[in-house]
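Have a look at the structure below, then the notes.
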Amino acid sequence: MPEPEVPAGEVAPDSPAEPLPDAPLKSILEAILFACEEPVTPEDLAAILGEDRRPAIEEALAGLEKTYDDPQAGLRVQRIAGGYRITTDPRLAPFVREMVRWRNRRRLSRAALETLALVAYKQPITAPEIQEIRGVNPSSILASLLDHRMVRILGRKKVVGKPFLYGTTQDFLVRFGLDSLDDLPSMEEFDQLLKTEGLDVDPLPFPDAAEEAAPAPEETGP
Amino acid sequence: MEQIPASPDEAPREAPTAAEPAPGPRLVVGSFEGPLDLLLHLIRANEISITDIPIVEVCRQYDAYLLLMKEMNLEVAGDYLVMAATLAHIKSRMLLPAPPAAPGEVPEDPRADLVRQLLEYQRMKLAAESLREIDERAAAAFARGNAGEDPLGPWRDEAQLDVSLFDLLAAFRRVVEALADAQPLHVHGEEISVADTIAWIVSRLETGSPRHFQDLIAELGTRAERIVAFLAILELLRLRRIRAVQRRAQGEILITLEEPPPAAEAWAAEGEEKGNA
């Protein structure tokens, strides 16, 4: 850990550690982030440390992020899904992987990624709308993505059949290491790529996903 | 232009055992690719422009692929038939004189909707590809509690292209055509099972991996055996026991054994199987 601000007291293994009521906020946050597996939001922290300390918490989190942004540190403080968490330095991944055995790996299939991309970029979106673009019935892929909490049901669309509207989840942001959906590359970048492949998208009336007025979901809940 | 697949008429006679692979579920093509993937495959293979598709030729090749897939006993998902009907409809509109357009209105190309759909699909595939890259980057930062999980596993750092079903079908057709001297099936009532062939393929790969897809298929003497081997390869791919890659588009296809042995949980895979029936 980079420069601990509170020197670790020499404590005999069997005696309980003395509490440190006056520990610096930064150390407290560092300890909490280390202990938590899920990203911790400033709201979570303010709820336990006191709402009045909210500005100090935000400041300390930013400070912590900076402290870990150090080539000597093996860890990073990462902003993710609107919160913070401690992760290993991605550049050290080859070493970390050597140590860890992959028994539980989960890979997103191509079809799952394609469906997820559609949901991420066009949410809220219904299953028939996904089928129209992929040419394949997406219902069981959607069920699987729901199971793995990558997508969720936002409501129902006010059209015939009242199909469910799907959107991405917090878990989606966490898995993909995103702070928010704004961190995804823009659709314009893909259009640029298509053009370099000789596919000019301009002459066609090509509805822009971002601009396309998304129908307001009727929030009836799942 | 691609060559038409071998006539499907002779298939039922030549591949009776392949037509009824008793063990194992029938493969649903949609679990690999959709009809738009087949169209894009034809467009790439023929080096034609997406905005100026020779619809008659593409329609013919598309139907030829559907027949080939039926010959292989691949269950063709209904989505493929919908697209076949769409293509036939566009073809007829292209062949017939256009209805008189309203004054001041340019009649729309009958292919316009299809082109839009293909472009939108391409764009979505790029988005999916970028998601995969983001996923790969994210997987390099290990958070607590996730240490046992690598979302990408052995696919990491993989620069090779994944092979589509249609690349495999095209390669398979080349082997079958190149080895037209293959012994016709002598019916001795000997059953070639997919399960046995799977075991054979795995053992071949264990003694030397990767192997060329075509070499592997060519090791088998009869057409029926080859069809079963093809089905076995698809099944192994579906189970993620093997992987099919090529180093460049339209290149040689390499089959490699998956390491470590099968993922306990290949999630979203089960979804694809059933999704298109």
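So the values come out like this:
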read-out: Heavy-atom surface of the range A:25-88, accessible at 1.4 Å and reported per residue (Å²); value: 49 Å²
read-out: B versus A: buried accessible surface, summed, Å² (probe 1.4 Å, to nearest 100); value: 5800 Å²
read-out: Value of relative contact order over the range A:93-196, rounded to a whole percent, pairs C-alpha under 8 Å and six or more apart; value: 22 percent
read-out: Formal net charge of residues neighbouring B:Arg144 (Cβ-Cβ distance under 11 Å; K, R +1; D, E -1); value: -1
read-out: Reachable lysines, given that their alpha-carbon falls under 24 Å from the alpha-carbon of B:Lys70 and they are not under 8 places away in the same chain; value: B:Lys91, B:Lys274
read-out: Test item: A:138-148 mean partner chain Cβ contacts at 10 Å; value: 5
read-out: Anchor A:Lys66: lysines whose Cα lies under 23 Å away (excluding residues fewer than 8 positions away in-chain); value: A:Lys26
read-out: Cβ-defined net charge surrounding A:Phe164, 9 Å radius [Lys, Arg +1; Asp, Glu -1]; value: +3
read-out: Dimensions in Å of the range A:93-196 - Rg and Dmax from alpha carbons; value: 15.9, 54
read-out: Check: the range A:29-157 dipole with +1 on Lys, Arg Cβ and -1 on Asp, Glu Cβ, in debye; value: 880 debye
read-out: Accessible area of the range A:93-196 divided out per residue, in Å², using a probe of 1.4 angstrom; value: 47 Å²
read-out: Positive dipole terminus of the range A:25-88, leading residue within A:Ala73, A:Gly50, A:Ala31 (C-beta point charges); value: A:Ala73
read-out: 10 Å Cβ neighbours from other chains, averaged over peptide A:174-181; value: 4
read-out: Delta accessible area of at least 20 Å² on complex formation, residues of the range B:41-67, 1.4 Å probe, chain isolated as reference; value: B:Ile50
read-out: Relative contact order for the range A:25-88, counting Cα pairs under 8 Å that sit 6 or more residues apart, in percent; value: 38 percent
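The values are calculated or read from the model by the stated rules, or taken from the named source; none is laboratory data. Only a predicted model underlies this, so the values are computations on that prediction, with no experimental measurement involved. Neighbour counts run over all protein chains shown; Cβ positions are idealised from the backbone, glycine included. To get the accessible areas, we keep the full protein, side chains included, count just its heavy atoms, and leave off ligands, DNA and RNA. Shrake-Rupley method; radii C 1.70, N 1.55, O 1.52, S 1.80 Å.
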